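Colleague: This is the structure I have questions about; it appears just below.
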Amino acid sequence: MNLIDPIVAFQSELQQIRRDIHAHPELCFEEQRTADLIAAKLTEWGIPVLRGMGVTGVVGILKNGSGARAIGLRADMDALPVQEINSFPHTSRHKGKMHACGHDGHVAMLLGAAHYLSRHRNFDGTVYLIFQPAEEGGGGARRMMDDGLFEKCPMEAVFGMHNWPGVKVGTFGVTPGPMMASSNEFEVVVKGRGAHAAQPHKGIDPIMVAIQIAQSWQTIVSRNKNPLDAAVLSITQIHAGSATNIIPDEATLIGTVRTFSTGVLDLMESRMRSVAEHTAAAFDSTIDFRFHRNYPPLINHAKETAFAIDVLKSVVGDDNVDTQVEPTMGAEDFAFMLQEKPGCYVFIGNGEGNHRMHGHGLGPCNLHNPSYDFNDELLPLGATYWVRLAESYLRAA
């Protein structure tokens, strides 16, 4: 690997920063301590700071030379409402909150790049260091954009990165086009008429209607959607009833839909509504249908992806960059930024979990798992990628 020596020398401080953030996790739009830490470090290193976009967002503005070009590098910084079961020294000090997705490491890697770039200004233009709140369900990317991120920080392209457990340390994964799916939620309330369970003919059983809807919905995936297009429709909750001898008035279906394109998502929502309405009507019942679109699909731009791949290969070698990584049905609100600006999102391998200190939980080192911990070995690697990406994009004359 072609790591940058001064960043490697700075790794111990980055590790301290990362573990401090891990020990003090903050949920979406509550990242005040984290934002204060980031802003203090950037200011210490002579980087002007813009605060308050997306409530707690921080943007470092690093200019050099007279070039008009600009690039954005983004790291998310919020934690999850998870009770950590690790017991090593930097375990979460806040009950029910945990950095179970590695955003603490994402912040530290970008800070490592900021530290180096502030001292070795081998670029001509502007690097915007975007520390984004509320990725975990809060849509912090969109909130920053609504607050004028791209107007106040006019960048040509924006890039993101996420650690990926189970993938070897020293390797990266990326693909042009769809990389992560859209995230959407539905809640359908079937309204029937309650009755005694021994006299079902006197009521309209919403549970049976809900069962019919649930089964019929799966034919949308298998019979309405093009088999070459990916989609997931998962019913994750069914709520109904309060006693064994009562047919309830209502039954509720809750779940998620994931797709890699807006067109398929439009089809899924339309057909789900139609099937539910007509199925309910066939049983003389009605429905209340709610479908909420959270995050759009994350779609990498071809030109910027090719550029990122070249940079990655220069850092870790051709064999350590998977340029056709399998997309995931997980979602990421960096997708909002890629709808407005060209750019690319990559995965950086986090290993199998062997890096975890004594005292880690017995569960797997997977994202959103209470035994997870970010691999500090990635800190100089991720920071090196950010630096080489910025330097190459804003290459000095």
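Readers should treat all values here as calculations from the given coordinates under stated rules, not as data from a laboratory. What you see is a predicted model; the values in this text were computed from it and never measured. Every residue, glycine as well, gets a Cβ built from its backbone with ideal geometry; the counts of neighbours run over all protein chains shown.
Colleague: Go ahead and run the numbers for FRET between T236 and H196, Cβ-Cβ distance against an R0 of 30 Å, rounding to 0.05.
Modeller: Details: r = 30 Å, r/R0 = 1.01.
It comes to 0.50.
Colleague: Follow-up question, since we're still on this one. Among V346, G317, F334, flag the residue with its Cα farthest along the positive direction of the charge dipole of the chain, charges on Cβ as +1 for Lys/Arg and -1 for Asp/Glu.
Modeller: Ranked along the dipole, the leading option is F334.
Colleague: Would you mind ranking H103, H360 by Cβ crowding within 10 Å, fewest neighbours first?
Modeller: Details: H103 29, H360 19.
Ascending number of Cβ neighbours within 10 Å: H360, H103.
Colleague: Under a 10 Å cutoff between Cα atoms, tell me which one of H22, H292, H201 has the largest fluctuation in the Gaussian network model of the chain.
Modeller: In this elastic network of the chain, the residue with the biggest mean-square fluctuation among H22, H292, H201 is H201.
Colleague: R0 = 51 Å: FRET efficiency of S66 with T252, Cβ-based, nearest 0.05? All intermediate terms of the calculation are to be shown ahead of the outcome.
Modeller: Details: r = 60 Å, r/R0 = 1.19.
The value I calculate is 0.25.
Colleague: Moving to a separate point now. Count charges around F347 for me, please; just the other residues with Cβ under 11 Å from its Cβ, Lys/Arg as +1, Asp/Glu as -1. All intermediate terms of the calculation are to be shown ahead of the outcome.
Modeller: Details: positive: none; negative: D322, E326, E332.
Around F347, the charge tally is -3.
Colleague: Next up: Quickly estimate the mean residue ellipticity at 222 nm for the chain, helices only: each DSSP H run with n ≥ 4 gives -39500 (n - 2.57), and the total goes over all residues, rounded to 500. Spell out each step's value before the answer.
Modeller: Numbers: 11 runs with 132 residues, N = 397.
Value at 222 nm, helices only: -10500 deg cm²/dmol.
Colleague: How would you rank I61, I38, I309, going from fewest to most other Cβ atoms within 10 Å of each one's own Cβ? Could you put the intermediate results ahead of the total?
Modeller: On the way: I61 16, I38 29, I309 20.
Lowest to highest Cβ neighbour count: I61, I309, I38.
Colleague: Please go through the residue pairs K63/K341; K191/K225; K152/K341; K63/K152 and name each one whose alpha carbons sit more than 18 Å apart in this structure. Write out the running numbers ahead of the final one.
Modeller: Working: K63/K341 20 Å; K191/K225 28 Å; K152/K341 14 Å; K63/K152 14 Å.
Beyond 18 Å between Cα atoms: K63/K341; K191/K225.
Colleague: Can you name the helices of the chain, as whole DSSP H runs, whose Cα span along the helix axis is 15 Å or more and whose Kyte-Doolittle mean is not below -1.0?
Modeller: On the way: long enough: 11-23 (18 Å, -1.22); 32-44 (18 Å, -0.22); 103-119 (25 Å, 0.14); 206-219 (20 Å, 0.62); 262-282 (30 Å, 0.04); 302-316 (21 Å, 0.85); 378-393 (22 Å, 0.50).
Helices meeting the span and hydropathy rule in the chain are 32-44, 103-119, 206-219, 262-282, 302-316, 378-393.
Colleague: How big is the gap, in Å, between the Cα center of region 275-307 and the Cα center of region 57-90?
Modeller: 30 Å
Colleague: Need one number: % antiparallel among DSSP beta bridges in the chain, to the nearest 5.
Modeller: Details: 45 of 66 bridges.
Here the antiparallel bridges make up roughly 70 percent for the chain.
Colleague: At 0.36 nm per residue, and after removing the present C-alpha to C-alpha distance, how many nm does the segment from A282 to E340 gain when stretched out fully? Numbers along the way, then the final one.
Modeller: Values: separation 58, 0.36 × 58 = 20.88 nm, distance 4.39 nm.
Full extension of this stretch gives 16.5 nm more.
Colleague: Which one, V189, N375, V169, is farthest towards the positive end of the dipole of the chain when Lys and Arg carry +1 and Asp and Glu -1 on their Cβ?
Modeller: Selected residue: V189.
Colleague: Report the extension gain between K168 and T43 in nm, rounded to one decimal, defined as 0.36 nm multiplied by the number of residues separating them, less their alpha carbon distance.
Modeller: Full extension from K168 to T43 adds 41.5 nm.
Colleague: Additional query: Arrange L298, L14, L267 by Cβ neighbour counts within 10 Å, fewest through most, would you? Mind showing how you got there, number by number?
Modeller: On the way: L298 27, L14 23, L267 18.
Ordered from fewest to most neighbouring Cβ atoms within 10 Å, L298, L14, L267 come out as L267, L14, L298.
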